[in-house]
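The values are calculated or read from the model by the stated rules, or taken from the named source; none is laboratory data. Nothing here was measured: the structure is a model prediction, and the numbers come from that model. In this analysis, Cβ positions are derived from the backbone assuming ideal geometry, glycine residues included, and neighbour counts consider all displayed protein chains. For accessibility, only protein heavy atoms count, side chains too; no ligands or nucleic acids. Shrake-Rupley method; radii C 1.70, N 1.55, O 1.52, S 1.80 Å.
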Amino acid sequence: MDVPRRQFLVESGRWLMLTGVAACAYEAMLAGQPVDAEYEMSDHWWGMLIDVDKCIGCGLCVKACKEENNVPDSPYYFNTWVERYRVQLADREHPLVDSPNGGADGFPALEESDDERVFFVPKLCNHCIDSPCTQVCPVGATFRSPDGVVLVDEKYCIGCRYCIQACPYGCRYLDPRTHTAKKCTLCYHRIVKGLTTACCEVCPTGARQLFDLKNPGDPIHAYLREHPVQVLKPQLATGSKLYYANLDGTVR
Amino acid sequence: MKRERSDWAHLIRLGGLLVLGLVAFVFIRPLFIPEGFGVYGHYRAGAILDGRDHPLEYAGRADCEMCHSDVVDLQEERQSSHRRLSCEGCHGPLAAHAAAPDDVRPVLPDITPACVTCHEKSAGRPPLVPQVEVRDHSGGEACSSCHVAHTPGMF
Amino acid sequence: MHGVLPGVDGFMYPNEVELQWSVLIVLYPYLTGLVAGAFILASLERVFDVHVVKPTYRLALLTALAFLIVAPLPLQLHLGHPERSLQMYLTPHRESAMAMFGFVYLWYLMGVLVIEIWLDYRRDIVRWWKESRGWQRALYATLALGVDNVGPRALRIDDRVARAVTIIGIPSAFLLHGYVGFIFGSVKANPWWSTPLMPVVFLFSAMVSGIALVLLLFMATSWMRRRAIDMPCLDTIAKYLFYAFLVAFALELLDLVHRIYEADESFLALDFMVQTRLYFSQVVLQIMFGTVFPIALLALTQLWSFGERTRRWLYATAASAALIGILAMRWNVVIGGQLFSKSFLGYTTYKMEFAAAEGLLPAILVMLLPFAVLAVLLIVLPPWEDEPAAPSA
């Protein structure tokens, strides 16, 4: 027996007692409740692991994401993108960062230099547990699903863009076609079917790994036991589920 | 007593109007709340289903392997370094082809740019994949003159 | 690395290049601030019995109403889906700072401002009802809710109720605008906004702008009606403007000093922004022209005595500079907060369009609209105590 459904039934019971129109509401609520025989939301808790040392900055993930998720084709909009950091050894506070076209076409070749360390950092929605973006939505059009994925309700979003302001990681944008907020869905349509995300699918080095913390068979458990990982901007306490391995402290 | 009440009459009417507005709001509001709102949290439960309905573009390697066992067998036999790669990384998204193999025919990718995507030498690329300065390495020749993409060791 | 995207210096997260909140969102805190400030000025007369500002009481209330009616318009115009805006009333998200705006707004409009204006005008409305004919008669009868009892006891009750409403109204006005500050101040992702001082800074700057606006409107309406300006009243308002300004400036300086001294991870990026992209609007317009200059003018009038004509010029100049300065302050908060990258590694540019949906033209129209609404209100509900005749339309 899954808990949300039981809670829901208790709630509806209250409705029945309290109001005369509750029967209609009960029907309506039932009709709107997702029922999927194969996929139980309460059995999953999704996140992603990124191993910075494995990213070669090829940009295939960015391209695949744009194709898979119908991301607007303009230099401004990305569900995922890759940044190239050039950290000067003598001035670690001021890294030089670029991300031409979000890294979708790769990066202009760079000569090795003894004075800097260069590495690539893929970015995407952090699918935070205590997400600042879902907190600020005035109408409940963006939310964290019971399986831990932050989604936008395109049919309910009013386009106020408060969530875009509230995201510390720059992961949201206003889709110019729908005038609603859009972001990484962790390929929700794929992961509920047992597939991995488009970005993880095409990543040639396995730098990106989708994980399900509620799946005891997921290799993430062994990985987390043996490796230190960190999240972006931990001081903001967003409960990010985008874990980074081998992340340099200069990255933000 | 009667006089006293009449001195309050306008305020009672004003109060009545405000209460009327409030009551109207309380009763009309539930009619416009979308169905399924609040089942899992402060959002439309149906939005989760909407998210699942998005069409697939990338079929995934497992789908490709179902028909293209010749490539799989070759890669396994030669222990190709590309045997774990996504087919669609180079071939592009082919869920439509996987769903209707005869109706949707994929176009072969342009090989050299596909190789360069990962194998061009550049600072910051970890040595997980062989990297060359393509211009010096090939002298302008297509990669496929010496390499086969599925089993990229030399001929 | 530089100049890959037009208008971008250094590195922005790709989705940050475009600004989300335009000049219309600059107007939103500006308008609500004018409402709160005008109302607080009006409250002085009723709650604190400052009778010398009585001539501006009704004008201030009507100004607050006119601007409050227009205040949600820039928000509405800015929404991607304006037709969905009522969802804020249907399914308000309790955790969202923005969701409560609709309720705070409605409370302030219907629970405070309209009631207070109605109670204060009731005697006149009934008189205009009895004196006029045709549609005007119907209008005033409706406004009086069909009750013509303006006996001494009824009016005494009105006065007591209105006083109570005003007392509730002052914290409500604080709430309305402090709350607008909270919408920005609570965004932890944005260090330019995220400070608990934001609601307080907004509130006092709101008082400055509201008092300055009523002061100018009082002078303008007196001039248009060819009446001599009530100088004791004007002097008192100017004094309040001066005091409110000092507090507002002190708070802004406190915020500034705190930022400079703490110099946290965001400081260098923000400091650079103020020295470059925000230099004109922040340092020149907001601080020098919009704050130091009018405070200096007002200080002059407090320290030395000038002739009436000079005082009027000094007050008018100071109030106009204040209004421009506070508008610049809203600009610097809203636009400034989006010019730097949350990576603190770069800056983008705000390209304001002119005749676009969120361009300069609609912004100007939205800014003019409250004055048109006020003109209508002044015709329907003339606030002048010295002109008791029924309005002729």
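Before moving on, here are some points about what is shown:
- With respect to being touching a residue at least 24 places away in the same chain (Cβ under 8 Å), open to solvent by less than 20 Å² (accessible area, probe 1.4 Å) and farther than 23 Å from C:VAL366 by Cα, C:THR63 falls outside the description.
- Flag for C:GLY10 being at pLDDT below 95, open to solvent by 10 Å² or more (accessible area, probe 1.4 Å) and within 30 Å of A:HIS94 (Cα to Cα): yes
- Tallying residues that are among the hydrophobic types (A, V, I, L, M, F, W, C), within 19 Å of the chain's Cα centre (by Cα) and not in a loop (DSSP other than H, G, I, E, B) within the stretch B:81-113 yields 6.
- Residue list for the stretch C:75-120, filter: more than 14 Å from chain A (Cβ to nearest Cβ), β-branched (Val, Ile, Thr) and buried (at least 19 other Cβ atoms within 10 Å of the Cβ): C:VAL112, C:ILE115, C:ILE117
- Scanning the stretch C:1-57 for residues that are in a helix (DSSP H, G or I) and of a type in the set (D, E, K, R) yields C:GLU16, C:GLU45, C:ARG46, C:LYS54.
- Matching residues in the stretch C:24-61 - criterion: being closer than 12 Å to C:LEU217 by Cβ, within 10 Å of the chain's Cα centre (by Cα) and hydroxyl-bearing (Ser, Thr, Tyr): none
- Matching residues, the stretch C:173-196, being in contact (Cβ under 8 Å) with a residue 24 or more places away in the chain, open to solvent by 10 Å² or more (accessible area, probe 1.4 Å) and within 18 Å of the chain's Cα centre (by Cα): C:PHE174, C:LEU175, C:GLY178, C:TYR179, C:PHE182
- Helices (runs of 4 or more DSSP H) completely within the stretch B:1-80 that count 1 or more residues being open to solvent by less than 60 Å² (accessible area, probe 1.4 Å) and touching a His at 6+ places or on another chain (Cβ under 7 Å): B:46-52, B:69-77
- Condition check for A:GLY194: within 19 Å of A:VAL121 (Cα to Cα) and not aliphatic (A, V, I, L, M): no
- For C:ALA319, the conditions (1) away from chain A (no Cβ under 14 Å); (2) small (Gly, Ala, Ser); (3) surrounded by fewer than 19 Cβ atoms within 10 Å (Cβ to Cβ) are fulfilled apart from (3).
Rundown of residues vs (1) within 20 Å of A:GLY103 (Cα to Cα); (2) facing chain A (nearest Cβ under 8 Å); (3) not β-branched (Val, Ile, Thr), yes/no style:
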{"position": "B:ALA62", "(1), (2), (3)": "no, no, yes"}
{"position": "B:HIS68", "(1), (2), (3)": "no, no, yes"}
{"position": "B:VAL72", "(1), (2), (3)": "no, no, no"}
{"position": "B:GLU77", "(1), (2), (3)": "no, no, yes"}
{"position": "B:SER86", "(1), (2), (3)": "yes, yes, yes"}
{"position": "B:HIS97", "(1), (2), (3)": "no, no, yes"}
{"position": "B:ALA100", "(1), (2), (3)": "no, no, yes"}
{"position": "B:ASP103", "(1), (2), (3)": "no, no, yes"}
{"position": "B:ASP110", "(1), (2), (3)": "yes, no, yes"}
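- Strands (runs of 3 or more DSSP E) (entirely within the stretch A:145-252) containing at least 3 residues that are more than 9 Å from chain C (Cβ to nearest Cβ) and either in contact with a Ser or Thr (Cβ under 9 Å, 6 or more places away or on another chain) or open to solvent by less than 50 Å² (accessible area, probe 1.4 Å) (or both): A:150-152, A:208-212, A:242-245
- Screening C:ALA250, C:ALA212, C:ALA206, C:ALA238 for residues that are at pLDDT 95 or above and loosely packed, with under 15 Cβ neighbours inside 10 Å leaves exactly one candidate, C:ALA250.
- Selection from the stretch A:113-134 of residues that are closer than 27 Å to A:ALA198 by Cβ and among the hydroxyl-bearing types (Ser, Thr, Tyr): A:SER131, A:THR134
- A search for C-beta distances below 8 Å between a residue of the stretch A:225-241 that is at positive phi and any residue that is aliphatic (A, V, I, L, M), counting only pairs 6+ apart in sequence or on different chains, returns A:GLY239/A:ILE129.
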